[in-house]
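The values are calculated or read from the model by the stated rules, or taken from the named source; none is laboratory data. Just so we're clear, the structure is a prediction, and the values are computed from it rather than from any experiment. Here Cβ is always computed from backbone atoms with ideal geometry, including for glycine, and neighbour counts include all displayed protein chains. The accessibility values were calculated without ligands, DNA or RNA, using every heavy atom of the protein model including side chains. Shrake-Rupley method; radii C 1.70, N 1.55, O 1.52, S 1.80 Å.
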Amino acid sequence: MTSEAAQPGIGVGTWAWGNQFLWGYDPQRDDAVLEATFRRCLEVGLDFFDTADSYGTGRLNGRSEELLGRFASQCSPQQQERLCIATKLAPFPWRLGRRGYDKAFAASQRRLQGQLKRVQLHWSTQRYAPWQEGPLLEGLADLVSRGAARSLGVSNMGPKRLRQVHQQLADRGVQLASLQVQLSLLAPQAIEPGGVSEVCRELGIELIAYSPLALGLLGRDPQDPRPNPKGPRGSLFRQLEPRLVALRQAMAEMGRSKPGGVGAVALNWCRAHGAMPIPGMRSIAQVNAAAAAQSWTLSSAERLELDQLALAPGAARMPANPFQSA
Ligand SMILES: NC(=O)c1ccc[n+]([C@@H]2O[C@H](COP(=O)([O-])OP(=O)(O)OC[C@H]3O[C@@H](n4cnc5c(N)ncnc54)[C@H](OP(=O)(O)O)[C@@H]3O)[C@@H](O)[C@H]2O)c1
């Protein structure tokens, strides 16, 4: 174990909080556990929470924000000050112009009971409506300029667009705080030469790694006795698993003697590349495992071995986000 200085911490993903389709959420069964999960996060110092106004399926739309707002409202003022709840506002086609996010922001802030600190553009519209996101970003910058939100982030952007957006905001005196992209051992594009991580480092933009465990697949030891999840996650796991033998074996060896096990290896690989992973958490055990991961860092040799496996020609890949811009 090494103690390399100043690697990013770990944040908390909350996509599953309200999502029935992919994550099998059940309010009666899950809400008390999620509340305990949230409390445990604060106890161990995990205070960055990522959510979105589109999280929650069907009639449960907005549920993730609602739950976070309910839990955060019961915190002490000191805890609330430490908390950073970041939501992502979807650039739906009907959200247009500089005021296009006004209603959405107000609704998120209501569901979050005033605890919303960072607003993020959920995805880039460059591929299908390139004229849409510029004015929406101006609107988000207006929120920061007038103190309604503390900071601004973007998501699913590539290096070219990231530079342009950073400049657009800098021209009006707003610093782009963060970029959130899919980043894991099965989605390493951001850290490849010419990838967004270089731009983030150069421009001082925090890099946030979403789906750092490849929807949970990378958190499972090959000997894990649990059956694969049902539904689309299970299908994806079955499709990818046969091509992950070498990677999973290396991760299992590295994780064997380390706090947090193989999941911690996957999270610490993101941290070793300068990104803050935001694993989806929905149990106290997962929070404890994330906290354990934060207690150590990968050695240079371990990082190199994982890089070689992840970047090898023909290595297994998660499906790319179709809205990711160049
Ligand atoms: N910006 C975007 O477009 C975007 C897209 C996707 C996700 N996100 C954000 O990123 C967050 C994380 O991504 P994700 O939820 O897609 O997937 P993920 O973090 O890759 O995987 C989450 C799953 O991993 C398992 N897990 C959690 N902690 C673990 C640990 N310490 N060790 C082993 N397994 C562990 C859990 O599965 P089980 O509970 O089944 O055991 C959990 O549900 C989301 O919640 C969301 O906030 C953003």
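For Gly216, what is the net charge nearby, where nearby means another residue's Cβ is under 15 Å from its Cβ and Lys, Arg count +1, Asp, Glu -1?
Local net charge: +4.
Once the chain from Asn228 to Arg29 is taken as fully extended at 0.36 nm per residue, the excess over their C-alpha distance is 69.6 nm. Once the whole set of protein chains is in place, how much accessible area is left on Trp123, using a 1.4 Å probe, in Å² to the nearest 10? Its accessible surface works out to 40 Å², give or take rounding.
Extension gain, Ala106 to Leu203, is 31.9 nm, computed as 0.36 nm per intervening residue step minus the present C-alpha separation.
If you model the chain as an ellipsoid using its alpha carbon gyration tensor, with each semi-axis the square root of five times an eigenvalue, the axes come out at 30, 23, 19 Å, biggest first. Where only DSSP H runs of four or more residues are counted, the chain gives -12500 deg cm²/dmol as its mean residue ellipticity at 222 nm, each run worth -39500 (n - 2.57). A straight chain from Ala36 to Ser299 at 0.36 nm per residue would run longer than the Cα-Cα distance by 91.4 nm. The spacing between the stretch 39-82 and the stretch 272-308, judged by their C-alpha centroids, is 22 Å.
Placing pseudo-labels 7 Å out from each Cα toward the beta carbon at Gln74 and Glu192 gives an inter-label distance of 4.6 nm.
Note on the chain: GNM, Cα springs under 10 Å; of Pro279, Pro130, Pro212, the largest mean-square fluctuation is that of Pro130.
A 1.4 Å probe run over the protein chains yields, for the stretch 28-98, 45 Å² of accessible area per residue, whole-number rounding. Under a GNM of the chain (C-alpha, springs under 10 Å), which listed residue has the highest mean-square fluctuation: Ser235, Ser184, Ser283? Highest fluctuation among the options: Ser235. Working note: Cα atoms of the stretch 129-189, range along each principal axis, descending, whole Å: 40, 25, 17. Computed with a 1.4 Å probe over protein heavy atoms only, the accessible area of Glu206 comes to about 70 Å².
Shown for the stretch 12-311: lysine pairs separated by 8 or more places, or found on different chains, whose C-alpha atoms are under 26 Å apart, numbering 4.
For Asn321, put the label point 7 Å out on the Cα→Cβ axis and report which residues of the stretch 48-63 keep their amide N under 16 Å from it. The answer is 49-56.
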